Structure formats: structure tokens, C-alpha cells
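Beneath this line is the structure, given in C-alpha cells, with notes to follow.
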Amino acid sequence: MSANLSNFAVYIVDDNFFNGNVMKKMITESHVPYSMVEIISPEELDSFLEGYLTDVNDLFLFSIEMMGFDRSFQLAGRLREQCKKCQIAFYGAYASKIEIKKLNLICPLGIIDTEEKDVAMQLRNLLTEAIEVKRSLLGKKHLLKIVSKRELMIVDAEAINYITTIKGERNRIVFHQKKSVECIETSLKVIKQLDLPEYYKVFKSYIINARQIKMIDRTNNVLCFFNGEELEVGKKIRKAIS
């Protein structure tokens, strides 16, 4: 899916079709813009994800009342492995009492406790926050749309320090960003074909964001980035950036 508000999709994962339909009805009555709401059973999730290009702009709502010990967290964890930045939330009775350590493994956007008052307001607030996350992506100056085998990532070009290949691996590269380091299943050749900003310096095994370089150690050929990260390069690359 492309990064625009009209394509905001919500997927409800629940083994109780009645409960899933209640949540679906509440979403349709929330008056928050979305393109579709779909209920997926736990048994259908694996096959759904096989043919799905995960999008950071979609929202997955997992019921915590599914049959099976911690099943919702297992399924959500599987999705999180496939899509590091997609939006995940949980709903159900006493969802507000979920252990923090479980939530930390998934990093959800939020939770909806169906035993508390104003469930509709909780849902609306969650959907509004999901929309705001999407708007923040759309508001960036230069977005890179990166498609790997099973994942779609929308990345702020300015937030990247550098991108590099992994020695011995043909179709995996590493994104060194200001706040994280992530491996993606694609090639540097594919990234080089994107609409890269003019401040990116492109080399055989590196793509380097010159705007994030704080200083250059010319004696040791080391690039020092604003977040404290350092990259040792060859003399040829150091001279090209200097």
C-alpha cells in the first residue's frame, strides 16, 4: 500500500467472529478515515501474511481473548518479526493489565480495554494516533519507499547515517539510522535505483548521508556522525566526501 491516508487499512485478528464484528462496527462508526476493515482468524493469519506486503501505515488489532495461552502475543510477535515498524494494538477484557514485559516485546501502538468505560473513545483515540503516525511520515521532506521480499518500509531519508552491504550475503543490507540499526532483505543495487536525495554519496558498498556527518577524521579515514556512530572507510571514500 502507498503512504496516503485513503489507504489506511485495519485488520482485526480474532477467533471470535462476533467480537470481531463488534470491533469492526465500532471502527466504521468512528468516522476516522480508512480504506477497509477486515477480520482475520488466527488460522488465516499465516497464509494472509505470506501474500501480504506489510505496510507501516496499516493497523493490526489483536484480541487478547483468543483461545490458547498467549496466542495473541505469539501471532503479534510473528507479525513484528516480518514488519518492524507496522502498527500493532491489542484489545479485550482487562487489556490494561497486560504485563509490561509482554508489551515491550511487541512495542504496540496502544491497547483497548473493553471492560473500561468509553471503549468507543479508546478506539477513536487509537485510530487517531495511527493516523498521526501516518501523517508524520507523509510530512517528511524526503521519504524512501523500500520494498523487500516481504516488507514495505517508508523511511525518512534524513534519519539515515549510511546504508551498507553485509559481507558474504547478496540480498541483505544494513540501514544505520540515527536511532536504530536494521537489516533488510534487499540489495544495495535496488536502493541505488530509488530517488535518493542529492546529499547522499553513493559508492560500491556504501550509501552515505553527508548531512549526518559531524566531522571527518582524515588521519584515520573515519566518518563521525551526529549520533556518535563512527564508520571507518577507505581513503578514496573519505576524499570523495571531504
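Restrict the check to region 169-177 and report whether at least one residue is assigned to a loop (DSSP other than H, G, I, E, B) and loosely packed, with under 14 Cβ neighbours inside 10 Å.
no
Report, ordered by the first and then the second residue, all pairs with beta carbons closer than 9 Å, sequence separation of six or more or different chains, a first member in region 127-152 that is assigned to a helix (DSSP H, G or I), and a second member that is at pLDDT 70 or above and small (Gly, Ala, Ser).
Listed pairs, sorted by first residue: Leu127/Ser30; Thr128/Ser30; Glu129/Gly110; Ala130/Ala89; Ala130/Gly110.
With respect to Asn209, is the statement that it is surrounded by 14 or more Cβ atoms within 10 Å (Cβ to Cβ), farther than 20 Å from Ile146 by Cβ, modelled with pLDDT of 95 or more and not hydrophobic (A, V, I, L, M, F, W, C) true?
When the stated conditions are applied, Asn209 does not pass them.
Filter region 178-201 for residues that are β-branched (Val, Ile, Thr) and exposed (fewer than 12 other Cβ atoms within 10 Å of the Cβ) and give the result.
Val181, the sole residue that qualifies.
Restricting the first residue to region 185-202 and requiring it to be closer than 24 Å to Glu81 by Cα and in a loop (DSSP other than H, G, I, E, B), which pairs with a second residue that is modelled with pLDDT of 90 or more and among the β-branched types (Val, Ile, Thr) meet a Cβ separation below 7 Å and a spacing of at least six or different chains?
Thr186/Ile173; Ser187/Ile173
The values are calculated or read from the model by the stated rules, or taken from the named source; none is laboratory data. Quick caveat: nothing in here was measured; it's all calculated off a predicted structure. Reconstructed Cβ throughout: ideal geometry from the backbone, glycine too, with neighbour counts over all protein chains shown.
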